[in-house]
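What follows is a set of notes on a single structure, which appears directly below.
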Amino acid sequence: MPLDFVFLLSPATMVVKDAEGRRFGVAGRRAWADLPGAIPAIGTDNLYLLPLDRDLEISVHGTGEGTYKLGVVAGSLGRSVTLIDVPVGPDTHDRVGISAELGEVSFATDDRDKSVSLVYGVQGDRDVRALTVTGLQTGAGSPVTMRAARNLSTFERDTGGPEQQLTVGLAATTVEDSVQRRLGRRRSGQRLPGAGLDRARP
């Protein structure tokens, strides 16, 4: 059975909260464990197994200087969202909201300025697609919301502020291709029309 899980690679901790305020995770000296279905992975920090068929907010609390990678992987839905190379410091408090079966992602931070990149992933019966977005700028008081279609055919972002120049890339490979690569037969992956778009829809 496909797994649903959330992971964080960073000098930070995280707390996952649902719409009813139930939480799971650690922030500072506080810990919560009342989110139904959530359990920690044995022997690994910041890896939580939990159902992702609901709206959730993930809070990232910095414990040192560096960057973080936050992944939300819904194997049951065949979708994933990963935030990559996000700056983090000891006072960082970021909030990442996921909804609409990972089709909508919101990001808010208490840091003054922050650059965010993310990757949407979708696995279908015949192909695997990835949508990469770089150049999202945000900061305290300037949350951003991103939406992607189920098949990643469209992407929208809403910052509530001035337009931003983004880089959006779309790529895909067939499931057969992926299997053959793992077996050692090299074939080039397919690239979808529209890859390398230099800005998202306003």
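The values are calculated or read from the model by the stated rules, or taken from the named source; none is laboratory data. Since the structure is predicted, the reported quantities are computational estimates derived from the model, not experimental observations. Heads up, the Cβs are rebuilt from the backbone with ideal geometry, glycines too, and the neighbour counts pull from every protein chain shown.
Brief remarks follow.
- Residue check, THR82 within 23 Å of VAL15 (Cα to Cα), under 16 Å from the mean Cα position of the chain (by Cα) and either touching a residue at least 12 places away in the same chain (Cβ under 8 Å) or in a strand (DSSP E or B) (or both): yes
- Members of segment 40-49 found to be at negative phi and either under 15 Å from the mean Cα position of the chain (by Cα) or part of a strand (DSSP E or B) (or both), listed by number: PRO40, LEU47, TYR48, LEU49
- Scanning segment 60-79 for residues that are closer than 11 Å to THR13 by Cα and under 8 Å from the mean Cα position of the chain (by Cα) gives a single hit, LEU70.
- Qualifying positions in segment 85-119 - more than 17 Å from LEU8 (Cα to Cα), among the basic types (Lys, Arg) and buried (at least 16 other Cβ atoms within 10 Å of the Cβ): LYS114
- Residues in segment 10-50 that are touching a Lys or Arg at 6+ places or on another chain (Cβ under 6 Å), among the hydrophobic types (A, V, I, L, M, F, W, C) and farther than 15 Å from VAL96 by Cα: TRP32, LEU35.
- Of the residues making up segment 124-141, those that are surrounded by 17 or more Cβ atoms within 10 Å (Cβ to Cβ) and either of a type in the set (S, T, N, Q) or closer than 21 Å to SER59 by Cβ (or both) are THR132, LEU136, THR138.
- Residue among LEU9, LEU52 that is surrounded by 18 or more Cβ atoms within 10 Å (Cβ to Cβ) and under 27 Å from GLN123 (Cβ atoms): LEU52
- Residue pairs whose Cβ atoms lie under 8 Å apart, sitting 6 or more positions apart in sequence or on different chains, and linking a residue in segment 24-53 that is under 20 Å from TYR68 (Cβ atoms) to a partner that is surrounded by fewer than 16 Cβ atoms within 10 Å (Cβ to Cβ) and of a type in the set (Val, Ile, Thr), are TYR48/ILE39; LEU49/ILE39; LEU50/ILE39.
- Residue list for segment 90-112, filter: within 10 Å of the chain's Cα centre (by Cα) and outside any strand (DSSP E or B): LEU102
- If you go through segment 138-181 and pick out every residue that is at pLDDT 85 or above, hydroxyl-bearing (Ser, Thr, Tyr) and not in a strand (DSSP E or B), you end up with 2.
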